[in-house]
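Visitor: Below you'll find the structure I mean.
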Amino acid sequence: MRPAGALLALCGLVLSTTGGPAQDSCSQDLNAGVKPGFPKTIQTNDTGVRQAARHSAERFNNCTNDLFLFKEARVLRALVQIVKGLKYMLELEIRRTTCKKTRHSDLDDCDFQTNHTLKWTLSCYSEVWVIPWLQKVEVPVLYCH
């Protein structure tokens, strides 16, 4: 029997008698549930999540012909994935504000509409890609209904 075959046979014998590979610290880390590159749930009030939600609302405002600006009302669910930077995946609600687009108002200064006929809330899914070292933020995916 060749040395490689003997080693393989010995490993098979060890695995069959021990019930599987030993649970050392490396295999425990891999089985912990969070793996590099995989999306991970993050708190909806996290600073990065709030900033990503704001970028989503700004993107919506740039893509719509509505007379009023919209801003993020609440984030329902948030995931973050480490890629070339951070990728946030958000389920959020955006609402129409009292600020008109023609005034280019800061969204922090805008209140939500209280007029019954002008109130409008949209549910959105957004993906926001943040590359801090390039000072770059992109919103490649935004679906609202």
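Visitor: For region 42-56, which residues satisfy the criterion of being outside any helix (DSSP H, G or I) and farther than 14 Å from Leu86 by Cβ? If you could, list the steps in order and put the result at the bottom.
Guide: So the first thing to find is which residues in region 42-56 are outside any helix (DSSP H, G or I), and the list is 42-46.
Passing the criteria: Gln43, Thr44, Asn45.
Visitor: Could I ask something else about it? What number of residues within region 67-86 satisfy the criterion of being surrounded by 20 or more Cβ atoms within 10 Å (Cβ to Cβ) and either β-branched (Val, Ile, Thr) or within 25 Å of Gln43 (Cβ to Cβ) (or both)?
Guide: Result for region 67-86: 6.
Visitor: Examine region 95-106 for a residue that is crowded, with 18+ Cβ neighbours inside 10 Å and among the polar types (S, T, N, Q), and state whether such a residue exists.
Guide: Yes: one or more hits.
Visitor: In contact with a Pro (Cβ under 7 Å, 6 or more places away or on another chain) and under 17 Å from Asn62 (Cα atoms): is that true of Glu138 in this structure?
Guide: Here the answer is no, as Glu138 does not meet what is asked.
Visitor: Which of the residues spanning region 98-145 are touching a Leu at 6+ places or on another chain (Cβ under 7 Å) and more than 22 Å from Gly85 (Cα to Cα)?
Guide: Within region 98-145, Cys99, Lys100, Lys101, Ser105, Leu107, Cys110, Cys124, Cys144, His145 qualify.
Visitor: How many residues does region 83-134 contain that are within 30 Å of Gly37 (Cβ to Cβ), of a type in the set (Val, Ile, Thr) and in a loop (DSSP other than H, G, I, E, B)?
Guide: The qualifying residues number 0.
Every number in this text was worked out from the coordinates using simple rules, so none of it is lab data. The structure displayed is predicted, hence computed values, not measured ones. Neighbour counts are summed over all protein chains in view; Cβ atoms, including those assigned to glycine, are modelled from backbone coordinates with ideal geometry.
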